[in-house]
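S.K.: Could you have a look at this structure, given as structure tokens, before my questions?
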Amino acid sequence: MRSYLSYRRGKYAETLLIKQLRKQGFWATRLPRSGKSYFVDVIGIRKGKVILAEVKRRRTARDIYIEKWKYERMRRIMDVTGATFLLILYIQSLNLWLARRIDDYDKMTEKHVVYKINDKWRSLDSFLS
């Protein structure tokens, strides 16, 4: 049951992100099987700009951990495509969108890549303009 709720929450945040991207003039879509199977949740394309996004939704601001093997695959996709690959955080309690490049992490452990809540996060709009 919990995994289904997580899926619904994630899908909701991805749908909200698509609306944000479309407002900024992007063609945007959600990958239908995003989640554990794939490494991109949302793709946004605008003339001369491609954004790949891993979307996280949180009630409050807290650190994000991504499995190291998943990070390495996302990094490879970014390098091969030349796209901007963003980790996008939607903080529900603040109705706030934050983003940072996936290669701008704070710490790498044996199993995880850690993104702390700090001043490295920028508003989503700053990446879209």
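Each value in this text was obtained by applying a stated rule to the coordinates, not by laboratory testing. Predicted, not measured: the structure shown is a model, and the values here were computed from it. Here the Cβ positions follow ideal geometry from the backbone for every residue, glycine too, while neighbour counts run over all protein chains shown.
S.K.: What number, in percent, do you get for the relative contact order of the chain if the mean sequence gap of Cα pairs under 8 Å and at least 6 apart is divided by its residue count?
M.R.: Normalised by residue count, the contact order of the chain is 20 percent.
S.K.: Work out the FRET efficiency for Glu72 and Leu96 from their Cβ-Cβ distance, taking R0 = 35 Å, and round it to the nearest 0.05.
M.R.: 0.75
S.K.: Separate question: Whole-Hz ³J(HN,Hα) for each residue in region 39-50, computed from phi via Karplus 6.51 cos²θ - 1.76 cosθ + 1.60 with θ = phi - 60°, x for glycine and proline: what do you get?
M.R.: The phi angles translate into 10, 10, 8, 9, 10, x, 10, 9, 2, x, 9, 10 Hz.
S.K.: Okay, moving on. For each pair in Lys70/Lys107; Lys19/Lys120; Lys49/Lys107; Lys19/Lys56; Lys19/Lys68, compute the distance between the two Cα atoms and list the pairs where it is over 21 Å.
M.R.: Violating the 21 Å Cα-Cα cut-off are Lys19/Lys120; Lys49/Lys107; Lys19/Lys68.
S.K.: Gln24 versus Ala61, label points 7 Å from Cα toward the beta carbon: distance in nm?
M.R.: Result: 1.9 nm between the two label points.
S.K.: Same structure again: As a check on your grasp of the helix formula, calculate [θ] at 222 nm for the chain: sum -39500 (n - 2.57) over DSSP H runs of n ≥ 4, divide by the residue count, round to the nearest 500.
M.R.: -10000 deg cm²/dmol
S.K.: Mind giving me the FRET efficiency for Met108 and Arg46? R0 is 35 Å, r the Cβ-Cβ distance, nearest 0.05 is fine.
M.R.: Efficiency, from the Cβ-Cβ distance: 0.65.
S.K.: While we're looking at this one, here's another question. Which residue, Arg62, Arg30, Arg101, tops the fluctuation ranking in a GNM of the chain built on C-alpha contacts under 10 Å?
M.R.: In the Gaussian network model the winner is Arg62.
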